[in-house]
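*Asks:* Once you've had a glance at the structure underneath, I'll fire off some questions.
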Amino acid sequence: SSSTSSSSSRSSTSTISSNSVDGETTTTPVLPPEPPQGGSKMGSRAGARLKDGYGWPTPEGGQIPLERLPSNTLLKYTAYKDVSILHFRIPTDTRTALFSFKAYEESKGAFQRNCKPNDITLHLKAGSYPVISPENITFPKHFLDADERFEIHSLQFKSDSSTRRLSIEGPHPGNWFAVAFISWTDPNNERIEQQGLAASCETLLMSEMAVVRVTPQILHVGMRHPGTLALPVRESAAQNQSEPNTYKFFVPAGVAIVTWRLHITDACLNCTDVTFFVQAHGLPTGRDYLQNALICPNQTGDVSIDFYPHESAWHYVDLDFLRPDEKLAPALTGKNSTATVAPPPANRSLDDGSEQEVEYLRFTIELIYHMLDDDGSSSDRTNNELPPSVEPTQTDGMGGEVAKSLPSRTFDRYPVLRQTYREFFMFDYDLLPDVNGTVPVTLNLTSGMPALMKFDVNDVYDIGGTLSFAVAMRQDLKASLIDARHQESTNEHAGVVAEKLVDVQEEEFIPELPVTMTTASTTTTTTSNAASTTTASTMATHHDTPSDQRGSPSSSSSSASGHASANSSAGKANQTVIVCLRLEEPGIPTWPDKCVYGRHIYPAAIVINNTDADTNTGLVHVPFPEPGSWYVTLGLFCHGPDLTARTTIIDSVKDFIRTYRGSLEAMRSPCSCADRLAYYRTCVSDERCLGALNETETLKIKECLMDAKCSGSTAQSERMARRFELHHKYVTEQSVSGGTVGNPECNSSVVFTISSSPCVAGRCGRFGRCYHYMSGGFVFSTCLCLRNYRGWDCTEDSQVPSSASILLASLLLTLSNLLFLPSIYYAVRRGYHSEAIIYFFAMFFSAFYHACDSGEEEFSFCLVKIGVLQFCDFYCGLLAIWVTLIAMSNVRHQLVSLLHVLGAILLAFGTELNKQSLWVFLAPALTGICLISVSWGLRCRKTKRCFPSRNYLALYLPVGSVLVMVGLVCFAFLQTKQNYHIVHSIWHMVMALSILCLLPDRKTFHPKC
């Protein structure tokens, strides 16, 4: 299953950038370079076509081949351990990455056979390994939402030597990882093939990568940079419309808000609107950006666009005229460009020299950085070295097209210290020790001032495990956490603090919070809404703490207990902590369960409260985390217990339904509520019925009110959606008491852990094992599940057999070997003592091998190691076939011992070499049949009589041969994982019965004279 679209966050910064100036290459360090000579001529269209970012000639078409990987062998997917990892590295300033994949089959057998093409699945992702579920199994509920991580690009194709291509616009620079495998199919329905009966083939994958790069114009703070956009007017010239103007600038640490100021010096009256997209680390696209806007180019004046930058990162801006297929705002119908050049100089002309076919928009660009104050908030000014910042302005006619000024994001910032362990993927982060060297255990939160922690995940060697963040409001955990911090064991990672909260969270069944909204529109939502929802009231646990210490970490809860009884009414307060977790960008916790990241809104990673023991702990896992800087923000909200019921989402939905119940009268088919419409109309009018309506029915009515199929109009549906958003926001805000930033009347303390471990918190549930694997030189951890448990953490039990079925299968496979007892008895009676011993051990080892292998650890019994039992089972089975054929051949006694010893040695060699090979079964069978044919033929020629007796030839030999054929067909062609215990038991029984018929009786075997 593929993850959905990625967020706008980016994970790593570029250390150098290359800039082509007049045919030469200059390498620029991370810090903003000095303005190069040439001004706007830098990165001209001609320069971008002639050379790439490193100064090498660009091939025709603009594609630069960069990597060709060696052939990788692909395996059938049964678990994540079977994937083959492919690694690519995309350079900076890349507009488009082009991947090519070709899979083919190669025969491994001695006889060349045509190999059937397999279905191949490939998943590609930036930063770390893709988190996938080919079985379409839902991920554990505590996993971070896939929408908040990098997008996973997927391909499905055949291994028929055809080339498949994947084009990615605006790729994130740095490491990219692909996992490829032969597509998963249900193993219960697959036939268990005997080696040698089918073609022995190997699936190989060849991979290549090429890029299309750009040479953006580098901007500097405090300078005005001229630029020009050209728009073809005629249709003939419109086909040659220039690519977007791309700009690049570096934002150092400590910058809160960046203002992009565009001063239009030469307006373009006939030009379409200009689109603005900005992104960090990589080039923006219509789906992946930090901020976007539309600019009207028909008037001169200033346009200012504010956005929240990423720390210590290069940012890219694309300016372009609105394309004909972009009918709406770029955020809604953004178009991904396939190539780019820098802005053309003002005196540029078209190839045909006709200036009249092109309209020009000339402007200047200025960057303004708003720095963070010492307290962590952003100032309304720049530093001393930068020009003063002014409020964003706009000329007449541009209203609504220009982004409004952003509010300051204020956090209490807490540095953390990394503790690394010897094992793979094991590390955790703690708060910095205080002056006494004591590591604080608790983190104090104050309403209106979110706490912020930033920590790093390193590239490659940190990404193969699972990053976990756990938080709790339970005060009884403090003592155990303090004791755990003094444990110095590095081998037992479960003993450190990170494991304490994870264990608590995993053992408790915490109900999921209902979520009614997914992602709000990124074009209309701003963080000003989030800023107005911070609260401060109730529970004065630290009202005597000095103002400069509020929100600081504490190593003791004594101050909290000392003031717990100071305000009796405060003790009845309900407190909620909303946690945001994201790569490269801090979020603002927003009531009731959202996080605001710039212009984007996502569900909170964790929501906990102090109302009961089931909801005061929270946990989020990030499997295979992307490298870079991760931000955790925790926001505290206080609300009165008498109003808590109004804050629940379901009650808010019911209030909305009650208000707009008149809309139910106009609903008709094909509305999903049409089948129960009469009941819904009656129930909504009855307060008692509406109050008793369950959650599923309530949400269904709400969705119908906002469904265009029910209302008959898309506009009406959108109006109802906006009404619900405003209604829900109003209802919830009425129950959350407002407050000022840093209000000591509402605060609380929490304990938290930031840790990384293999698999999922170092475990794989009760029925799984955690292993480390290496593919393509990269190590990762994954779970191997037992007893048909499935899923990322081996907790999905939909295909787990019942104990009765496991016991029945084990008994069938074990007890079916008892049919060898009659064969042993008659072998002894007929004088075949050596054969009887071999039959006994064939029965013995087969029974104990299946008793060890088929019990699923619940009913299994292993006499010795299963590998020893498996060898003895195969070896004794082959030896039983061989001695039976020797007995049927009726050779002289002098040769019997020789043939027995020779067969025993050769069969032991073949079994150890490849016990499942077809030739290991065919070699003794064909040799024995040839020996029988020669022996019987010589006897007939010598005695001039039919040998053996007619009774044996007419009855025992045909019946025994039929039984053998039935057993061979079952063994070679009919076995599947689902029916294995039945078909393989039949194989045991028919082979045992065939010995009764084929083993000759000396009284009836020889013909009578």
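The values are calculated or read from the model by the stated rules, or taken from the named source; none is laboratory data. Every value quoted in this text rests on a predicted model; they were computed, and no experiment measured them. Here Cβ is always computed from backbone atoms with ideal geometry, including for glycine, and neighbour counts include all displayed protein chains. With ligands, DNA and RNA removed, areas are computed over all heavy atoms of the protein, side chains included. Shrake-Rupley method; radii C 1.70, N 1.55, O 1.52, S 1.80 Å.
*Asks:* Pairs, please: C-beta under 8 Å, at least 6 apart or cross-chain, first residue assigned to a helix (DSSP H, G or I) and hydrophobic (A, V, I, L, M, F, W, C) and in region 893-920, second surrounded by fewer than 16 Cβ atoms within 10 Å (Cβ to Cβ) and at pLDDT below 90?
*Replies:* Cβ pairs passing all conditions: Leu918/Gln195; Leu918/Leu197; Val920/Leu913; Val920/Asn914.
*Asks:* Still on this model: Go through the residues of region 861-872 one by one and say whether even a single one is within 19 Å of Ile995 (Cα to Cα) and either part of a helix (DSSP H, G or I) or charged (D, E, K, R) (or both).
*Replies:* Pass one, region 861-872, residues within 19 Å of Ile995 (Cα to Cα): none.
Taking every residue of region 861-872 in turn, none turns out to be within 19 Å of Ile995 (Cα to Cα) and either part of a helix (DSSP H, G or I) or charged (D, E, K, R) (or both).
*Asks:* Does Ser846 satisfy the condition of being touching a His at 6+ places or on another chain (Cβ under 6 Å), under 16 Å from Ser985 (Cβ atoms) and at pLDDT 90 or above?
*Replies:* Details: touching a His at 6+ places or on another chain (Cβ under 6 Å): no; under 16 Å from Ser985 (Cβ atoms): yes; at pLDDT 90 or above: yes.
It is false that Ser846 is touching a His at 6+ places or on another chain (Cβ under 6 Å), under 16 Å from Ser985 (Cβ atoms) and at pLDDT 90 or above.
*Asks:* Could I ask something else about it? Does any residue of region 803-814 turn out to be in contact with a Leu (Cβ under 6 Å, 6 or more places away or on another chain), within 30 Å of His900 (Cβ to Cβ) and not assigned by the TED database to the domain that holds Leu432? Steps first, answer last, please.
*Replies:* Within region 803-814, the first condition is being in contact with a Leu (Cβ under 6 Å, 6 or more places away or on another chain), and the residues that meet it are none.
Within region 803-814, not a single residue is in contact with a Leu (Cβ under 6 Å, 6 or more places away or on another chain), within 30 Å of His900 (Cβ to Cβ) and not assigned by the TED database to the domain that holds Leu432.
*Asks:* Now for a separate question. Please tell me if Ser798 is open to solvent by 40 Å² or more (accessible area, probe 1.4 Å) and in a loop (DSSP other than H, G, I, E, B).
*Replies:* yes
*Asks:* Across region 401-418, which residue is modelled with the lowest pLDDT among those that are within 21 Å of Met449 (Cβ to Cβ) and not in a strand (DSSP E or B)?
*Replies:* Let us first name the residues in region 401-418 that are within 21 Å of Met449 (Cβ to Cβ), namely 406-416.
With the extra rule that they be not in a strand (DSSP E or B), the set shrinks to 406-411, 415.
Values: Leu406: 72, Pro407: 76, Ser408: 76, Arg409: 82, Thr410: 84, Phe411: 89, Pro415: 92.
Top of the filtered list is Leu406.
*Asks:* Scan region 829-861 for residues that are more than 57 Å from the chain's Cα centre (by Cα) and open to solvent by less than 70 Å² (accessible area, probe 1.4 Å) and jot them down.
*Replies:* Of region 829-861, the ones more than 57 Å from the chain's Cα centre (by Cα) are 829-836.
Selection gives Arg830, Gly831, Tyr832, Ser834, Glu835, Ala836.
*Asks:* Would you please name the residue that is nearest to Ser162 (Cα to Cα), looking only at residues in region 87-118 that are modelled with pLDDT of 90 or more and of a type in the set (A, V, I, L, M)?
*Replies:* So, considering only residues that are modelled with pLDDT of 90 or more and of a type in the set (A, V, I, L, M), the one nearest to Ser162 (Cα to Cα) is Ala103.
*Asks:* When region 129-149 is examined, which residues are found to be closer than 18 Å to Val457 by Cβ and assigned to a helix (DSSP H, G or I)?
*Replies:* Answer for region 129-149, where residues must be closer than 18 Å to Val457 by Cβ and assigned to a helix (DSSP H, G or I): Ala146, Glu148.
Listed here are the residues, each with its yes/no results for (1) more than 30 Å from His142 (Cβ to Cβ); (2) at pLDDT 75 or above; (3) surrounded by fewer than 16 Cβ atoms within 10 Å (Cβ to Cβ); (4) assigned by the TED database to the domain that holds Ile578.
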position: Asp686; (1), (2), (3), (4): yes, yes, yes, no
position: Ser717; (1), (2), (3), (4): yes, yes, no, no
position: Arg723; (1), (2), (3), (4): yes, yes, yes, no
position: His728; (1), (2), (3), (4): no, no, no, no
position: Phe752; (1), (2), (3), (4): no, yes, no, yes
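*Asks:* Anything in region 276-300 that is open to solvent by less than 10 Å² (accessible area, probe 1.4 Å) and over 32 Å from the mean Cα position of the chain (by Cα)? List them, or say none.
*Replies:* Listed by number, the residues that qualify are Ile295, Pro297.
*Asks:* I'd like the full set of residues that are in a loop (DSSP other than H, G, I, E, B), among the β-branched types (Val, Ile, Thr) and open to solvent by 50 Å² or more (accessible area, probe 1.4 Å), limited to region 419-471.
*Replies:* Just the residues of region 419-471 that are in a loop (DSSP other than H, G, I, E, B), to begin with: 421-426, 432-441, 447-448, 450, 458-465.
When the remaining residues are screened for being among the β-branched types (Val, Ile, Thr), the result is 435, 438-439, 441, 460, 463.
Once the filter is applied, which keeps residues that are in a loop (DSSP other than H, G, I, E, B), among the β-branched types (Val, Ile, Thr) and open to solvent by 50 Å² or more (accessible area, probe 1.4 Å), region 419-471 yields Val435, Thr438, Val460.
*Asks:* While we're on this one: Tell me, please, whether a residue that is in the same structural domain as Leu879 (by the TED database), modelled with pLDDT of 85 or more and outside any helix (DSSP H, G or I) can be found in region 992-999.
*Replies:* Checking region 992-999: at least one residue is in the same structural domain as Leu879 (by the TED database), modelled with pLDDT of 85 or more and outside any helix (DSSP H, G or I).
*Asks:* Could you list, ordered by first residue, the pairs with Cβ atoms under 8 Å in which the first is in region 418-430 and farther than 17 Å from Pro625 by Cβ and the second is of a type in the set (S, T, N, Q), at least 6 apart or interchain?
*Replies:* Arg422/Thr490; Arg422/Asn491; Asp430/Gln419
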